[in-house]
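This report refers to the structure that appears directly beneath it.
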Amino acid sequence: MKKLIDSHFQDLYAALENVQYTGRQGELLDRAEAYERTLRLALEATDRGGKQMFIGNGGSAAIASHMAIDFTKNGGMPAMCFNDGAALTCLSNDFGYEEVFAHQLRAHARKGDVLFAISSSGSSENILRAVAVARACECAVITMTGFKPGNNLRALGDVNFYLPVSDYGLVEVGHTAMIHAVVDLKMASSLAVGARISE
């Protein structure tokens, strides 16, 4: 059992150490630049009166809900997700599951908002359609993917976080950690500014 546990955490550490970051044109970014760009987009949206929006399926939906709360409560950045059960069942019934996020984005997305699109596979049609709507609304897009390096979603963000592993658990835990880091960086920078002002 100890070997299995040790191996699991070693795999998780290795996955997080090997995250690949790219920009809008597919250019490679280093870790610091990827997080700085992401936080800057989130702060710019907030300063303009905009919001962060989160979408995902299954485990990624749980991450979306969690992060929308943390961005709002801890980060002071208004955020929402689109995982309400009634909305999902209504829209999938009326328009097909491929449209459950795109339809909601058409109603709620505004120019300058930020969409966090979370998908382990990077190939979920409902996520890809939502990103297309976000782009049409002139939103910024942050993608979180895993599995195959050539997944479609990975090429669609202003910042793309790609975890090069094919294990759902590792990808989902990694995505949670990476998005949470954005909130933590916002909180840390706010504390630093507050400390300088009080000196």
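Observations on the structure shown:
- Applying 0.36 nm per residue to the separation of E44 and E125 and subtracting their alpha-carbon distance, the gain on full extension is 26.3 nm.
- Cross-link partners of K148 among aspartates and glutamates, defined as those whose alpha carbon lies under 14 angstrom from its own and excluding same-chain residues fewer than eight positions apart: D167.
- Relative to the current alpha-carbon distance between Q10 and S92, full extension at 0.36 nm per residue lengthens the span by 25.6 nm.
- DSSP-loop GluC sites (Glu not before Pro) across region 94-130, with at most 10 other Cβ within 10 angstrom: none
- Nearby aspartates and glutamates by direct alpha-carbon distance to K111 (threshold 19 angstrom, same-chain neighbours under 8 apart not counted): E44, D47, E138, D158
- Within the chain, the longest run free of exposed loop sites, counting trypsin sites (Lys or Arg not before Pro) that sit outside DSSP helix and strand states (H, G, I, E, B) and have at most 16 other Cβ atoms within 10 Å, spans 112-199.
- Calculated FRET efficiency for the pair K3/I69, C-beta based, R₀ 25 Å, to 0.05: 0.10
- Between A107 and C137, the modelled labels are 1.1 nm apart [label points 7 Å from Cα along Cα→Cβ].
- Region 1-87: GluC sites (Glu not before Pro) in DSSP coil with no more than 14 other Cβ atoms inside 10 Å: E27
- Beta bridges by DSSP in the chain, antiparallel share as percent, to the nearest 5: 25 percent
Values quoted throughout were computed directly from the atomic coordinates according to the rules given, and no laboratory measurement underlies them. Values in this document were obtained by computation on a predicted structure and should not be read as measured data. Virtual Cβ from ideal backbone geometry, glycine too; neighbours counted across all protein chains shown.
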